[in-house]
1. Would you confirm whether or not region B:514-525 contains a residue that is of a type in the set (A, V, I, L, M, F, W, C), more than 15 Å from the chain's Cα centre (by Cα) and buried (at least 24 other Cβ atoms within 10 Å of the Cβ)?
2. Among the numbered criteria (1) more than 24 Å from A:Leu622 (Cα to Cα); (2) touching a residue at least 60 places away in the same chain (Cβ under 8 Å); (3) of a type outside the set (Asp, Glu); (4) out of contact with any Phe, Trp or Tyr (no Cβ under 8 Å at 6 or more places or on another chain), which single criterion is violated by A:Gln52?
3. Being surrounded by fewer than 22 Cβ atoms within 10 Å (Cβ to Cβ) and within 14 Å of chain A (Cβ to nearest Cβ), is that true of even one residue in region B:295-303?
4. Hey, among A:Met273, A:Met302, which residue is touching a residue at least 12 places away in the same chain (Cβ under 8 Å), within 24 Å of A:Met171 (Cβ to Cβ) and in a helix (DSSP H, G or I)?
5. Examine region A:177-199 for a residue that is more than 14 Å from chain B (Cβ to nearest Cβ), of a type in the set (S, T, N, Q) and within 30 Å of A:Lys672 (Cα to Cα), and state whether such a residue exists.
6. Which residue, of B:Met416, B:Met424, is out of contact with any Lys or Arg (no Cβ under 6 Å at 6 or more places or on another chain) and without any contact (Cβ under 8 Å) to a residue 12 or more places away in the chain?
7. Just one of the numbered conditions (1) under 18 Å from A:Met582 (Cβ atoms); (2) among the β-branched types (Val, Ile, Thr); (3) touching a Phe, Trp or Tyr at 6+ places or on another chain (Cβ under 6 Å) is not true of A:Ile611; which one?
8. Can you tell me which residue in region A:643-686 is farthest from the other protein chains (Cβ to nearest Cβ), limited to those that are among the small types (Gly, Ala, Ser) and surrounded by fewer than 24 Cβ atoms within 10 Å (Cβ to Cβ)?
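The values are calculated or read from the model by the stated rules, or taken from the named source; none is laboratory data. All values derive from a computational prediction rather than experimental measurement. In this analysis, Cβ positions are derived from the backbone assuming ideal geometry, glycine residues included, and neighbour counts consider all displayed protein chains.
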Number of protein chains: 2
Amino acid sequence: MNYFYLVPVASIVALIFAYYFFKRMMKESEGTEKMKTIARHVREGAMSYLKQQYKVVTAVFIVLALLFAVMAFFGLQNNWVPFAFLTGGFFSGLAGFFGMKTATYASARTANAVRRSLNSGLQVAFRSGAVMGLVVVGLALLDISAWYLILDHFVEDADAGHKLVMITTTMLTFGMGASTQALFARVGGGIYTKAADVGADLVGKVEAGIPEDDPRNPATIADNVGDNVGDVAGMGADLYESYCGSILSTAALGASAFIMNPSMQKNAVFAPMIIAAIGVFLSILGVFLVRTKENASVKQLMDSLNRGVNVSAILIAGATFGILYLLGFTNWLGLSFSVIAGLLAGIIIGQGTEYFTSHSYKPTRGIAASAQTGPATVIISGMGTGFISTVVPVVTIVLAIVISYLSAIRFDVQNMISAGNLSMGLYGIAIAAVGMLSTLGITLATDAYGPIADNAGGNAEMSGLEPEVRKRTDALDALGNTTAATGKGFAIGSAALTGLALLASYMEEVRIGMLRLGDDVLELADGDTVEVAKASFVDFMNYFQVTLMNPKVLAGIFLGSMMAFLFCGLTMNAVGRAAQKMVEEVRRQFREIKGIMTGETTPDYARCVAISTKGAQREMLLPSLLAIIIPILTGLIFGVAGVMGLLAGGLGAGFVLAVFMANSGGAWDNAKKYIEEGHLGGKGSEAHKATVVGDTVGDPFKDTSGPSLNILIKLMSMVAIVMAGLTAAWSLL
Amino acid sequence: MNYFYLVPVASIVALIFAYYFFKRMMKESEGTEKMKTIARHVREGAMSYLKQQYKVVTAVFIVLALLFAVMAFFGLQNNWVPFAFLTGGFFSGLAGFFGMKTATYASARTANAVRRSLNSGLQVAFRSGAVMGLVVVGLALLDISAWYLILDHFVEDADAGHKLVMITTTMLTFGMGASTQALFARVGGGIYTKAADVGADLVGKVEAGIPEDDPRNPATIADNVGDNVGDVAGMGADLYESYCGSILSTAALGASAFIMNPSMQKNAVFAPMIIAAIGVFLSILGVFLVRTKENASVKQLMDSLNRGVNVSAILIAGATFGILYLLGFTNWLGLSFSVIAGLLAGIIIGQGTEYFTSHSYKPTRGIAASAQTGPATVIISGMGTGFISTVVPVVTIVLAIVISYLSAIRFDVQNMISAGNLSMGLYGIAIAAVGMLSTLGITLATDAYGPIADNAGGNAEMSGLEPEVRKRTDALDALGNTTAATGKGFAIGSAALTGLALLASYMEEVRIGMLRLGDDVLELADGDTVEVAKASFVDFMNYFQVTLMNPKVLAGIFLGSMMAFLFCGLTMNAVGRAAQKMVEEVRRQFREIKGIMTGETTPDYARCVAISTKGAQREMLLPSLLAIIIPILTGLIFGVAGVMGLLAGGLGAGFVLAVFMANSGGAWDNAKKYIEEGHLGGKGSEAHKATVVGDTVGDPFKDTSGPSLNILIKLMSMVAIVMAGLTAAWSLL
């Protein structure tokens, strides 16, 4: 029990440092009056968006909480779930609020600090990003430890082993709150940011011929708001969900795997939390290591960021051995390798993403070269590259699955899927997800850094700062683009591993659901019976016939794959429609408000912000509802087997599709930048115009539909988990 | 046994009518000298391509046949397999050869007949398409009946039930020959056709500003050759594979499902063959029903085609009841509904495809409208539409799976997955695939009609026929575009159902493989043992732990999903590279050969044909090898469970991805045509240019990568099936 208290302590420390970094940032000057005004516009836009989103989210939360309360009333869920659900959502929303507040205060301060020196700018931007990272891990661990203490106090069960199972499966459902919040943040934020971006580009760059971030473009503030909304709040909520999901499902799987070993069970539950807690301390250490010399190149800037991340990762890898040894795992060595497999997988996926999307490498340069034959070949080669790029993350995840499973069962290949080994192996896969996310405090800082640097650049441009300053913010921004790409890869990879962990722990929820409903005995096909409380996962798989020859499973796999594509289609079209509205508004302003182009009049920024906000809120409803309803319907029609098929199909197709979309989008973006740097005819050439088309197509790919799939993968599992009782009680087939 | 002889009879009748239609077409005049010359160019190009391809294919067949011989020597396969493999490939190749020969003879004759009347043109084109349809079904049934008679004579087994299992599982492996041939025909043909098309368009339409099919464009003959290579030979080989695969896997599943019921077992094996045989007669009837009045609109032309297809379909549906009743199935009614479920699914998927790709409906018009804001929004909305369009086919296939399974087991929902019901239900799913393909004789005729009409139009354009004639060929061509779209949907749907049937019969091959290796007993997890010969599919699933919690299955699902994307990426890039070569050649000819643009000199068509041929042959190797090697590797590493995961993942993601690509591509094509008809600014407007970009991107989508996925889905299953013995004998994990 002693070690457990590390978790709330880490949480408090994370929040204290977040506050400290926030305060230090706030001490910086915001610069000139113009800079302040622009920053205020962006801040107000972002906050007005957030306010609007939280209104919608609150309504959805009330409806769902009532639904869960009704389910609890009928014994289909336990009484804690509605409350757990609400706190999960509340803390995730709070993290988004703090993160975005910080980011929007930081952009002008970063631009101003850059006037002093590059290093100062990097410090301001990165430490502001760290606020987001630390708030996310801090609030997540706070929620986890609070619920553990509450449930440990209130849940009554004569059998300590069973009590822990009850606690962890209940806690897992608070992930549903985080998932719902993430859904709206990622999907709504994604639609918002790209509607503004595409709209701004189409009229501004293409029709009016004015550069990016030009203050004469009415949509430019909305575009900057979008960076915060999508890349700070959206990304944060996404990873908050993965973080909670991986820790909680590992805990649930640990409670199940060690149920026959009461002395270890509690430690198996604590292990993921404690690894995460130690990760917090090491992330904070890493943040302090990020600094650079003056006049650093992008590569040197990158090195300094990497130093922070890598030192944290190496230290957590080392610490894991100690943690698992001290917790008394007999196979502490094997489980440590499971954790490290996840940690390494995150890094490899990030590197792979960089290879396929950075214009320092062949693939993206090939896309740029294809621009010489026009936009069509840019699209074809970008998609070809994106499709092929899925190999690296998939093979990495497959290796991570196999290695983390095998080392958790001490490479007992002969009995790989025996009852005992299956639950230990799945615990190994889940804890690999925790490993990947253990350094989230600092990896998320590098992600959130990107939009801050981007906004700082925008602010510098709009307030007409000196070219030297602009050059420095460009350097910071270029770095941000790279971290954004690797960050996306990391987010997808962690979603996939978390999704797997959730898939595994789904069966645990089904067990609890059956027990709650009084189904105490499984009748297996051969006539044997097994007590539900003691049934192994193998027994459950046999009982529910979750095999690949079961048509319900096959139907589920097809539907799951389809969901990934449908979700992409709906979000893509949403961006198209919302961007269309933005285009019309910008055209109207250019037409009706005299003097915008000469700079005499300020455009009506607020109106564009309002259009993006409204568009995002309206457009996100259908995909969001589908993501919640389809798993429920699948369960009601096809039962547990169908749900598992749905989750597996959605995970397989969704993961690969997400990688494809993120990497194609990233590569198009950088192919354009490559030409803008003067290659193949440079800015303004036909080739450049062709890559602008690619970049515009890539916008919803990489920032809306692709990242939304991370959410879909996890949310469908979460919905299945909270509905497990209902599915166990009733299905048509 | 008496009914069986319907199968060879149907086969001979099909071939006789094919010959009859061919002879009648050859009696038509080829028109003017110019028309003859152009037709000869196309014919020679197509044949030189085919010759080159068959060289490569022969080499691959020799290597694989040797490999299978070695496997047979070591007892990992039986001795018949190398020969069965070769005939499967040979007959498929022969069908492609006849079909393409006919198509290339028919195009000028169609153009010339159109000069007489529209109806004459339709007759010539459609009946030439019917040659392909009838040759495919005729040769497939010939191969099937010959092998059945040979094996029935030579296979020795005391137990009649076991003998039939041996025969059917052996016959199934000849599908591997058809698959390998289809791989090269579809992938090679797909790359060929789009390299030529994209190359011709990029330089001709975009740079030189000359219309499609202009004889001054050096790539125009290659483009017309490509239509034959891709849409006739490629489509034919694809459906030949589905046709054989569905019949043979149904036979294998029938032999297994009825092994305890010797009096019915043979009839269960014959049932799919006899349904196919009756389908042949009804298809021929349908072909004769296709005729139209003069000056028919496209809609009326469509109606006359539909009349032929629908009458065949309705009659086969009715006949099925009789066939299954006469064969003595106690559940003849239920199984008939399984067949009809498949038949209906094919029609619904075709209709859905038409809705999403025809510019008579909202989705494609929406894409056209988005062209007003440039090419980027065309791409975004086209992809969005394509993503969303996956809903119809997936839901249809899911319903077909569930309905055909349930009605095969008389809606015994309570024991849906019991040992007996599982094998009956899977037989129901397989026979649904046979139902979908039962009218292939005529549906393939409508597919092959498309490129013939297209080439006729090309011929009319190049030989400068009167505008009135051009208008009529345009009407025939427009009809061809619609049948091409529905045909594509049908090909994908049948690939998915066939893939499912193959997945189910894979386990049957594993059983035979184990028996051959002397593994006579399965030791189940609970310590029970079951004889392999008598083990149910449920026992096998339990033994190999093919559940969704098995990490090997999960790894397989990820890898299968990835394979679909990787395959698409490789084929997309192949088109990009090969098109690039074509662009360079066309530019060179424009530059170096004086007088092309004024029409004084003929361009060097042959050189462009050679470039496309060479490009296709080179580029298809890597994706083809991967499609064969990955299932083998997965089996060697992850065993039976991993292979099934791979197949299920590949099937789920591959099917959805194929639909997405085909529908996006089709919709872009028709959005362009919609604008060309005078909407939104018409030809030459900015909006039109934007849709040309969409169309060019759509070319490899709908004609290369998308259709190639049909092959991948089936080929991976086929490889798994022939390697089942090896996988059963050895796997790393």
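1. No, that holds for no residue.
2. The number of the failed condition is (1).
3. So far as region B:295-303 goes, no, none of its residues is surrounded by fewer than 22 Cβ atoms within 10 Å (Cβ to Cβ) and within 14 Å of chain A (Cβ to nearest Cβ).
4. Criteria check complete, one pass: A:Met273.
5. Looking for residues that are more than 14 Å from chain B (Cβ to nearest Cβ), of a type in the set (S, T, N, Q) and within 30 Å of A:Lys672 (Cα to Cα), one finds at least one in region A:177-199, hence yes.
6. The conditions single out B:Met416.
7. Result: A:Ile611 passes all but (3).
8. Going through the qualifying residues, I end up with A:Gly678.
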